[in-house]
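Take a look at the structure set out below.
Each reported figure results from applying straightforward, stated rules to the coordinates on display, with no laboratory input. These numbers were taken from a predicted model, which means no experiment stands behind them. In this analysis, Cβ positions are derived from the backbone assuming ideal geometry, glycine residues included, and neighbour counts consider all displayed protein chains.
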């Protein structure tokens, strides 16, 4: 018996105009209940024909591989013969010579482009894991790197510097910026080299990145400093008020964010010294002090902050 399914898209019978449409999963037909006209037939059943009651059964019974992903050089569908020298000893002695030849020719037939992308994506995976970045950023960087390879932008430049520059670009695009210091530490590439490659890649790929906002750094810096959410919210409010007074214009967003967190922590009684913040974030104490003075003077809260600092010290 046909299973009645009401079509949300407003599906109607082309013969009688009725909207009473049902789907027969056994015959694979979509039928008008009013006049019996078969609207669609020979439909493919894409549902599974087996049941699984836990994840173990589901993984053993599934007949397809992993989903296609741009984070693999072959989208995750290429066959690989052997994953290491240890695999050779799992083959019968009489077949080892044949197995060895298959592995050798398989590697020879892989294009240099695929080898380049495979190495680059392994480095990208390491950096994404080290910096704790999202899947969206991972996939976006992978797509941009493939585009750079297709345009011949990676020739003469190290793979690590290209990947690092693209990470810096995409993190800012996605509103989760990472500092050059952080990316340089994770990749082992100098800040100067990353900056140079970043400017080259953004120009060639026609990517225009707006300057990062200090507000974008507050949640991550707040987490690093173990500050509560209310302090982070207060720091963003301080930054918004400072922006209205045109205090933050032309200043480095990292130093401004650090100063705002210090001010918010003092105002809400969560003690953090400028030295602690500077060491954790990676800016100088002098930078925080200068940005702090500019913000409190502009907002007229200098006396209030100094009183609370004295209370904490006493």
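Rounding to the nearest 10 and keeping the result within 0 to 90°, find how far the Cα-based axis of helix 112-131 lies from the longest principal axis of the chain.
Roughly 50 degrees between the two axes.
GNM on the chain, C-alpha springs below 10 Å: top fluctuator among 37, 200, 262?
The residue that fluctuates most here is 37.
Helix 253-267 versus the longest principal axis of the chain: what angle, 0 to 90°, nearest 10, using Cα atoms?
Taking Cα atoms only, the helix is inclined about 70 degrees.
Let me understand segment 214-313 better: what is its radius of gyration from the alpha carbons, and its Dmax, in angstrom?
Final numbers for Rg and Dmax: 11.9, 33 Å.
Pick from 296, 170, 12: which residue has the top mean-square fluctuation in a GNM of the chain where Cα pairs under 10 Å get a spring?
Looking only at 296, 170, 12, the largest GNM fluctuation is found for 12.
Rounded, prolate or oblate, given the Cα gyration tensor of segment 112-204, with a/c below 1.5 counting as rounded?
Values: a/c = 1.41, a/b = 1.23, b/c = 1.15.
Verdict is rounded for segment 112-204.
In the Gaussian network model of the chain, springs joining C-alpha atoms below 10 Å, which of 93, 258, 242 carries the largest mean-square fluctuation?
Looking only at 93, 258, 242, the largest GNM fluctuation is found for 93.
In Å and on Cα atoms, what radius of gyration and Dmax does the chain show?
29.3, 88
Percent relative contact order of the chain, based on C-alpha pairs within less than 8 angstrom and at least six residues apart? Mind dumping the intermediate values first?
On the way: 313 pairs, mean separation 25.5, N = 314.
Relative contact order of the chain: 8 percent.
Could you check the simple spin-label distance between residue 284 and residue 54, using points 7 Å along Cα→Cβ, in nm with one decimal?
Once both label points are built, they end up 6.1 nm from each other.
Kindly express, to the nearest 10 degrees and within the range 0 to 90, the angle between helix 214-224's C-alpha long axis and the longest C-alpha principal axis of the chain.
With rounding to tens, the tilt is 90 degrees.
Tell me the mean residue ellipticity at 222 nm calculated for the chain from its helices only (DSSP H runs of n ≥ 4, each -39500 (n - 2.57), averaged over every residue, nearest 500).
Working: 13 runs with 171 residues, N = 314.
For the chain, the value works out to -17500 deg cm²/dmol.
Can you tell me the relative contact order of segment 161-314? Whole percent, Cα pairs under 8 Å, sequence separation 6 or more.
Details: 157 pairs, mean separation 28.5, N = 154.
Worked out over segment 161-314, it gives 19 percent.
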